[in-house]
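To start, the structure itself, in structure tokens.
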Amino acid sequence: MAGKTKKFLLIIITLITVFIIALAVLIKIYITPERIKAFLIPEAEKALSRKVDLGEISISLFKGIEVKDFAIKEADGKTDFIKCREFILKYKFLPLLSKQLIIDQVTLEYPEVRIVRGKDGKFNFDGIGKKDLPEGIEKSKSAVEAKGLPVSLVVSRILVKEARFTFIDLKKELPDLKGSLDIDTRIESAGKSELESQGSIKLKLDELTLNNQPRKNIKDISADVDYDISINLKSDSIRVRQADMKIQDIALSLSGDIINIKSSPEIVLAVVIPDTKLADLQNSLKPFADVKELDLSGMITADLKVSGKTNEINSINTDGTITLKNTGIVYQNVNATLDGDLKLKKQSVNINLIGTVDKNTAEIKGNISNYLKNQKINLNIYSKQLFLDELIPARAEKNKVSPEKSGTATGNADAEPVNLKLTAKGEVKIDSARYKGMTMSNFIMTYVFSNNKLEITKMTADAGKGNFSLNSIVDLSKRGYTYSLSADINSLHADEIINSMFPKAKDTVFGVITSNLKLKGAGTLPDNIKKNLDGNFDFDIKDGKITNVPIARNLSQLLNIKELETLNIKQGNGTVIIKNGIAKLNSILSSDDIIMDPKGNIGLNGDLDLAFDLKMSPNLTGNAMSSKVSQFIKNDEGWGIIPIKCPGTFAKPGCIPDPVKAGKQVIKKKTKELIDDLLNRDKNKKEGEAPQHKSDDPIDNLIKGIFN
């Protein structure tokens, strides 16, 4: 029994050996290097309209067909467009018996592709496939047509190992690329004109150079794709059953159709981005737009359908939803979260978000239409209560960039004009807001942005027992911009306005203020702002006081009257006209103890040139410590009148008595006393005669005529 088994095994081994030898002989007879070349070169050159080179070809029963130094030339027939060090064709044994060459696998090892876009906009592959063959390519019938290949050819799998590619744009409009590609794909016939393909692609961009100014080099970008598609050669279309992609750390999947691939590619694709960490998305986008001090957190999800022609970007429509889940945004002093969704319909986006910053919450609703070109934005914001101290922290002042270091303030040029192809409008409503002790309610602002002009058509709010309203326009289409503002302030507390808007002047001005203001100007550099500012306003203040300001301290020290450090104002009013960097003041302030009428110029750079008559009640003049002053300042009613000049700066005023006016007052007083003594009017008055009214006194009238 054992002997028979051995004989049987020996027969089997012998048959297999004979079969293998027969296959080897068949391969040597029917598939020779000469026949391969005779088939491939003419057919490839005819199909590509390019010269094709093949190096050494070897045929092995077990390894398959190996071709070395394969190359497709440029249009000049000399430079390599594509070259491959080696590719291998592995085939099945049994189909060879029926003269069928069914290739299991085609392997391309270390191929290289060089794509160039010329200055004329033409690519170096534009001539591929054209009927006019370049010089050196035979136009006669190919060897296949003449003799015929004695086998049928089917390819089921293609492997590309470390394919190197380079793209150079001499027009400097598209990014330059250098990278590598690995492909593992299976192709099966599903009919006369249909192919099925499944596989994977691994892409690595070693370097991506953005040619726009400034040039930017981005390195090490990776993308992986696993796909399952069907190709219809007759209808020139691809159906993507599934394509799972991972770009850097971001995953997404595609499915749908691509049609008219050769003539005018059109897509109808479903795009799904599963729950993705925004931190991963930020890391993926950092090479393209790295915003320093920005940190994102939370999740984003997208379920979209994208359709349109790929060569006509404005035809692309998107439908679906992008959802933000507890999205955190940390940037400098801002720590915010967003929740909600963006619903896309064709070329519009409906926005429904809730934003939170610390204790502040606001609803953000609206839409963006035609978002691919000439966007139209309608965005409304509503909040029940805002604490602006948290939104605008005090330390923001410390983080401000000085004019010398800011981008817009270096040199002597104002900001460049803006040319945005969008329009926007909307409304901001806040039930209650608080900022540095100032409480506002019923805040409403409506805005419009069109033709690069931002117009605040209305801004109103209540504050305490008062209210304010304003409107303004900023024209961004001109260098340095131009702007105008009109405001009405009705019975607002001056201390709340000053403390919140001008923190350096905190606790200096108090009282109820009413004002009408009109301003216009241009420029973004500080000097240009001051030079171009033009406007006027009037003001009325009641039950107020001015304290802890340099002018008041200076007056107090000059006259040795401590009470002047705080100027109580029972009633005050005035006007200010601003032009050429100077504010011209004309005002009068009064209380039970003082009356003053400041007039003159206040430079927007801080220069001061004021003059006024300071009138003080007997309560104050009695406290005057300087005998040289006190003997001349009092009038008949006991009020002191001192003409004051205030040159210097607002921070360091140099208030002094006006010598000219003071001299006139002294001479006037002494002359009147001298004439009174000479005439001895009091002694000569008739007994019982009523005293003359002061204004009817001929002596007074004479003195006024001389010295006024």
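The values are calculated or read from the model by the stated rules, or taken from the named source; none is laboratory data. Just so it is clear, the structure is predicted and the values come from calculations on it, not from any experiment. As a convention, Cβ positions derive from the backbone with ideal geometry for all residues, glycine included, and neighbour counts pool all protein chains shown. Heavy atoms of the whole protein, side chains included, go into the accessibility calculation; ligands, DNA and RNA do not. Shrake-Rupley method; radii C 1.70, N 1.55, O 1.52, S 1.80 Å.
Beyond 23 Å in Cα-Cα separation lie the following of the pairs K219/K286; K429/K579; K359/K436: K429/K579. Please name which of I259, S284, S297 has its Cα lying farthest along the dipole of the range 252-308 towards the positive end, using unit charges on Cβ (Lys, Arg +1; Asp, Glu -1) and the Cα centre as origin. The residue sitting most towards the positive pole is I259. Under 15 Å Cα-Cα from K504, which aspartates and glutamates qualify once same-chain neighbours fewer than 8 residues away are excluded? The qualifying aspartates and glutamates are E397, D495, E496.
What is the calculated FRET efficiency for V474 to R114, with r their C-beta to C-beta distance and R₀ = 51 Å, to the nearest 0.05? With a Förster radius of 51 Å, E is 0.50. Checking the cross-link pairs K246/K309; K172/K216; K343/K365; K234/K305; K171/K216 against a 20 Å limit on the alpha carbon distance flags K246/K309; K234/K305 as lying beyond it.
At a probe radius of 1.4 angstrom, the accessible area of the range 319-381 per residue rounds to 55 square angstrom.
Roughly speaking, to the nearest percent, how much of the range 271-387's 1.4 Å accessible area is carbon and sulfur? Within the range 271-387, the accessible surface is 56 percent carbon and sulfur. Taking other residues whose beta carbon is less than 11 angstrom from the beta carbon of M440, and scoring Lys, Arg as +1 and Asp, Glu as -1, yields -2. Longer than 22 Å from Cα to Cα, which of K458/K530; K68/K90; K90/K262 are they? Say none if no pair is. Violating the 22 Å Cα-Cα cut-off are K458/K530; K90/K262. In this entry, the range 180-312 is assigned a mean projected area of 9.9 nm², taken as a quarter of its C-alpha convex hull surface. Placing a label point 7 Å from the Cα of N260 along the Cα-to-Cβ line, the residues of the range 199-235 whose backbone N sits under 19 Å from it are 232-235. Between S49 and G129, the built amide H atoms are under 5 Å apart, and every one of these is 5 or more places off in sequence or on another chain. Figure note: D534, D224 ranked by solvent-accessible area, largest first, 1.4 Å probe, ligands and nucleic acids not counted: D224, D534. Straight-line reach from K92: taking Cα to Cα under 16 Å and skipping same-chain neighbours fewer than 8 places apart, the aspartates and glutamates in range are E66, D104, E188.
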